[in-house]
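Below is a structure I'd like to ask you about.
What follows is calculated from the coordinates using simple rules that are stated; it is not laboratory data. Quick caveat: nothing in here was measured; it's all calculated off a predicted structure. Cβ placement follows ideal geometry from the backbone for every residue including glycine, while neighbour counts extend to all protein chains displayed.
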Amino acid sequence: MYVMIPSPRKVGKGLFEALMKKGRYCVSESFSARILTGIDVLPIRFSVVVAKKLERSAVLRNTYKRRVYSLLRLFLNKIQPGTVCAMFLKKKINKKDLPSLAVELETFFKKSNIIGR
């Protein structure tokens, strides 16, 4: 069973558009992301996007989202305030188990300088 992040921690439509225009682009093996830091948004906000091209079934798309959201909960207290991030999953996400995905997510956040080394 996956535990999602609370709804106020998700990116809204207006903030998503600003993130896509102004956010910096970072890439990992299983996902790419747009990250915007230093915004006056108090809670850290995340969005996980799974394209229909990646997976046709809505059930599997939602499962991938739940997996990533449950891992993001582990990092909420480590990420600097005012960070907004949209993560776009890649095809390799379905071959990864949760522990290896958690390690990849942590190295990604360190590489993109949104958590401390």
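From the phi angles alone, apply the Karplus equation (6.51, -1.76, 1.60; θ = phi - 60°) to segment 95-105 and give each ³J(HN,Hα) in whole Hz, x where the residue is Gly or Pro.
Computed from phi, the couplings for segment 95-105 are 9, 9, 8, 4, x, 5, 5, 5, 5, 5, 5 Hz.
Would you give the gap between the C-alpha center of segment 17-49 and the C-alpha center of segment 55-91, rounded to a whole Å?
What the calculation gives is 11 Å, centre to centre.
Quote the charge dipole size of segment 7-111 about the Cα centre in Debye, to the nearest 20; the model charges only the Cβ of Lys and Arg (+1) and of Asp and Glu (-1). Mind dumping the intermediate values first?
Numbers: 24 positive and 7 negative charges, 73 e Å.
So the magnitude is around 360 debye.
At q = 0.12, 0.18, 0.20 Å⁻¹, what is the base-10 log of I(q)/I(0) for segment 7-111 according to the Debye formula with one equal point scatterer per Cα and no solvent? Please give it to two decimals.
-0.37, -0.87, -1.08
I want the antiparallel fraction of DSSP beta bridges within the chain, as a percent rounded to 5.
In the chain, approximately 60 percent of DSSP beta bridges are antiparallel ones.
Scan segment 1-67 for trypsin sites (Lys or Arg not before Pro) in coil per DSSP, keeping those whose Cβ has at most 16 other Cβ atoms within 10 Å, and list them by number.
Lys52, Lys53, Arg56
Going through the cross-link list Lys13/Lys95; Lys10/Lys90; Lys21/Lys90; Lys52/Lys78; Lys10/Lys96, which pairs have a Cα-Cα distance over 26 Å in this structure?
Lys13/Lys95; Lys52/Lys78
With axes computed from alpha carbons, what is the tilt in degrees of helix 13-22 against the longest principal axis of the chain, rounded to the nearest 10 within 0 to 90?
So the helix axis and the longest Cα principal axis differ by about 80 degrees.
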